[in-house]
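Notes to accompany the following structure.
No lab work stands behind these numbers, since they all come straight from the coordinates. Fair warning: this is a prediction, and the values are worked out from it, not measured in the lab. For neighbour counting, all protein chains shown are included, and Cβ atoms are generated from backbone atoms with ideal geometry for every residue, glycine included.
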Amino acid sequence: MPLTPAGALPLLLLSASFAAALLSPAVAQSAAPAQQATAVSPDALKQREEELEATREQQRKAAELQQKLKADIAAIGQDRSKLNQQLIDIATQVRTVETRIGETEGRLRPLDSREQQVRASLDSRRAEIVEVLAALQRAGRRTPPALLVRPEDALESLRTAMLLGSVVPELRGRAEKLAGDLGELVNLRKKIATERDVLARDRDSLKDDSVRLAALVEERQRKQSAIEKDMEAEGARAINLSKQVDGLQGLIAKMEQDLKSAAKAAATASLQGAPAAPSGKPNLGALKDPARLSPAIAFASAKGLFALPVNGRKIRDFGGSDGAGGVEKGISLATRARAQVTTPCDGWVVYAGPFRSYGQLLILNAGGGYHVLIAGMERISVNIGQFVLTGEPVATMGSTSQVASILATTASQPVLYVEFRKDGTPIDSGPWWAANEGEKVRG
């Protein structure tokens, strides 16, 4: 039976408000009477008070964190091993949270996509929604319009109507389909809300951990600067020397021959590089000493033990095409913006700074003729001559790629380049990376 004009108008208005709520709550809110725009409602005042209180709470927590950081750093004092251990622990925690955030974002993407599909399907069936709601009204179930603004309430009304037999038989099939779609939308919204709550908590945790890590890194470098009085001049000289060479091998040779701190580090690496274990198996227990000043494990004996320096997805592999007619000499990892970079192994820093098309470049002498090259970061937080431990934070990624060869192809996210060398020759780093989380060495 067709609707009378008097009955159709309220239903059309009801349907429009329901569809608007499905697609854009902000649009529904903007339809408020004009007089509300001129006078601040009690709800708006309450919301502002809540936002102000939340801001105060954030400021209070930030102040408490700063006080705790100062106390922690003061407690460390001159104990280098304690500082090293805290750096490694908090860097590990940061990377763990980064991983969780990436996994949550990965789960959210298909949920968000499906929610958009369901919303679009419901919006395209406005006429059907009006017809089903009209059937409910004709059957005497006059649900107040306010209850149908939210999908959850619309679903409850439909289910109740069908349970009571209020839906006419010829519309039952369509009512059930509509109820199914609304049910899926409600479930999707619950899952998305849960995932977003997890994401928000992890992001807050990452923010606090990053502040703590930055303070510890600053303290480490302050102590390092106190030991090496001429460190700033050495860094400037290193950059000048880097402009005199053509390639990476020339840069390594120049640093380890002409720069005092790098030469000292290289000489120490040659003398103190950890010998291979007699049994052929590395002594992983040596990694537990945060006060060590030489590699705990010989580089050659550490195959299958290293963790990648950053959380990311491998986009280029050793031996593959470099996109310019040559072959890759290392691996490239697409990362999150501002991701934390840690050392895969113990080693001495023989170069830290910008170099040609590599952006910021870090070179470690790992002893035994091995060098580890890491490039593409936005900021390096260690100095030439410094000994760094496995898992220690050494750099931070930017928001875009810094490596010229990557910029030409995938500039949408930052990319870290990692290269291993033995006696000056690039080698495949694949055998050194751990196959799973449980096999990775930790400091």
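In the structure shown, do any of Lys314/Lys422; Lys264/Lys303; Lys260/Lys281; Lys207/Lys281; Lys82/Lys264; Lys223/Lys260 have a Cα-Cα gap over 29 Å, and if so which?
Listed pairs above 29 Å: Lys260/Lys281; Lys207/Lys281.
How much length, in nm to one decimal, is gained on full extension between Asp258 and Ser225, taken as 0.36 nm per residue of separation minus their Cα-Cα distance?
Details: separation 33, 0.36 × 33 = 11.88 nm, distance 2.06 nm.
Computed gain between Asp258 and Ser225 is 9.8 nm.
I'd like the projected area of segment 307-399, averaged over all directions, using the convex hull of its alpha carbons. Report it in nm² with one decimal.
Details: hull surface 24.4 nm².
Taking a quarter of the hull surface, the average projection is 6.1 nm².
Using R₀ = 45 Å, calculate the FRET efficiency as 1/(1 + (r/R₀)^6) where r is the Cβ-Cβ separation of Arg196 and Glu232; round to 0.05.
Plugging the Cβ-Cβ distance into 1/(1 + (r/R0)^6) gives 0.50.
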